[in-house]
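The values are calculated or read from the model by the stated rules, or taken from the named source; none is laboratory data. Values in this document were obtained by computation on a predicted structure and should not be read as measured data. Virtual Cβ from ideal backbone geometry, glycine too; neighbours counted across all protein chains shown. Each accessible area value is taken on the protein alone, full model and side chains, heavy atoms only, with ligands, DNA and RNA left out. Shrake-Rupley method; radii C 1.70, N 1.55, O 1.52, S 1.80 Å.
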Amino acid sequence: MKSLTCGIPFFPAARGVAVLCLLSLAMPGLFSTLAAQTPTAPTATAAAFAGEPARLPYKRVGAVMAVFDNVSVRDKLVLYVMIQPRTPLPAGDAPLVLTLKSASGDRILSQSKSGLLLDLPFSLELMRENPVIEANKPKGSLNMNITVGVAYPGKLSESVAWYRDAYSQLVAASRTMGMDAPKSEILTFTFPEGSKPRVSLRIGDDSADLTPDKNGIFSLNLADKGIPDNAVLVLSQIAQLTRVQD
């Protein structure tokens with residue numbers, strides 16, 4: 001594997017597609033951080049189309065979760081699992097609903113507006129059972145992307161040293177997984193659509209707002225030697241995604 005991000009076509013029995021994107025997972029960080037976001041409210045579970053629905057074997061995701069569990073230092077890392085339509089849904093189409101169809105009963109998975117899974121469970125029992133995640137959309141119409149990111153530190157103001165240490169964990173984890181380390185040291189912060197976040201950098205008594213790009217994404221260059229470790233990054237709200245720029 002050569003990347004910290006992978007895309008997997010979301011349909012059954014996609015033989016030959018690698019499962020082991022081998023990224024990072026800190027289970028408490030993943031679910032507690034993402035749970036702070038506003039999930040979409042599922043309104044339909046039945047497929048409103050003719051033909052076979054999109055299905056994904058649980059092991060295709062669970063294998064990634066399990067592998068990261070062997071990374072020794074990962075308390076500042078998180079795994080983002082995102083399932084989205086390959087093309088925008090037509091106006092009036094039912095929103096995407098994902099159902100984990102296990103022996104213990106069907107479970108609708110909560111998602112953020114951007115498609116992040118908020119409550120995907122992980123257990124050895126589910127790995128052994130290998131149930132499917134079924135969508136109310138047709139086979140071949142969805143993509144799954146799994147990417148490693150930096151966990152929410154637990155507070156909106158945190159030192160740059162904390163983020164630099166998180167980046168070091170990411171580099172070490174990639175080596176453990178036999179992956180290429182990220183080529184960039186630019187950390188990006190993406191916020192929920194429609195929000196109006198502010199991100200500022202405080203150095204001593206001075207503070208300056210960071211300017212987002214045209215997509216509303218804020219960036220912090222961890223390699224900038226002009227930014228001391230004791231500088232403080234201040235977020236106005238929890239970021240939806242925090243990861244290294246590709």
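When every residue of segment 34-44 is checked against the conditions, at least one turns out to be at pLDDT below 80, aliphatic (A, V, I, L, M) and in contact with a Pro (Cβ under 8 Å, 6 or more places away or on another chain). For residues in segment 229-241 being touching a Gly at 6+ places or on another chain (Cβ under 9 Å) and closer than 15 Å to residue 159 by Cα, which is least open to solvent (accessible area, probe 1.4 Å)? Per the criteria, the residue is 231. Taking segment 185-210, which residues are exposed (fewer than 14 other Cβ atoms within 10 Å of the Cβ) and touching a residue at least 60 places away in the same chain (Cβ under 8 Å)? If the condition is that a residue be exposed (fewer than 14 other Cβ atoms within 10 Å of the Cβ) and touching a residue at least 60 places away in the same chain (Cβ under 8 Å), then 193 is the only one that fits.
Close contacts from segment 211-238, counting a first residue that is free of Cβ contacts under 8 Å to residues at least 40 places away in the same chain and a second that is open to solvent by 30 Å² or more (accessible area, probe 1.4 Å) and among the small types (Gly, Ala, Ser), with Cβ to Cβ under 8 Å and a gap of 6+ residues or different chains, come to 213/219.
Table: residues versus (1) part of a loop (DSSP other than H, G, I, E, B); (2) over 20 Å from the mean Cα position of the chain (by Cα); (3) under 21 Å from residue 71 (Cα atoms).
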| position | (1), (2), (3) |
| --- | --- |
| 183 | yes, no, yes |
| 189 | no, no, no |
| 192 | yes, no, no |
| 223 | yes, yes, no |
| 229 | yes, yes, no |
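Scanning segment 108-117 for residues being at pLDDT 90 or above and either of a type in the set (Gly, Ala, Ser) or surrounded by 18 or more Cβ atoms within 10 Å (Cβ to Cβ) (or both) gives a total of 4. Just the residues that are surrounded by 15 or more Cβ atoms within 10 Å (Cβ to Cβ) and in contact (Cβ under 8 Å) with a residue 60 or more places away in the chain, please, taken from segment 74-107. Listed by number, the residues that qualify are 74, 76, 77, 78, 79, 80, 81, 82, 83, 84.
Scanning segment 141-157 for residues that are in a strand (DSSP E or B), surrounded by fewer than 21 Cβ atoms within 10 Å (Cβ to Cβ) and more than 11 Å from the chain's Cα centre (by Cα) yields 143, 157. Kindly indicate whether residue 126 is within 17 Å of the chain's Cα centre (by Cα) and surrounded by 13 or more Cβ atoms within 10 Å (Cβ to Cβ). For residue 126, the condition - within 17 Å of the chain's Cα centre (by Cα) and surrounded by 13 or more Cβ atoms within 10 Å (Cβ to Cβ) - is not met.
Yes or no: residue 170 open to solvent by less than 30 Å² (accessible area, probe 1.4 Å) and either modelled with pLDDT of 95 or more or part of a loop (DSSP other than H, G, I, E, B) (or both)? Judged against the criteria, residue 170 is not a match. The residues of segment 146-188 that are among the small types (Gly, Ala, Ser) and closer than 19 Å to residue 73 by Cα, listed by number, are 149, 151, 154, 161, 166, 168, 172, 173, 174, 178, 181. Cβ-Cβ contacts under 7 Å between residues 6 or more apart (or on different chains), taken from a first residue in segment 167-179 that is closer than 13 Å to residue 243 by Cα to a second residue that is assigned to a loop (DSSP other than H, G, I, E, B) and modelled with pLDDT of 90 or more, are listed as 167/185; 167/222; 169/73; 169/74; 169/76.
Residue-level check: of (1) surrounded by fewer than 18 Cβ atoms within 10 Å (Cβ to Cβ); (2) modelled with pLDDT of 95 or more; (3) not in a loop (DSSP other than H, G, I, E, B), residue 175 misses just (2).
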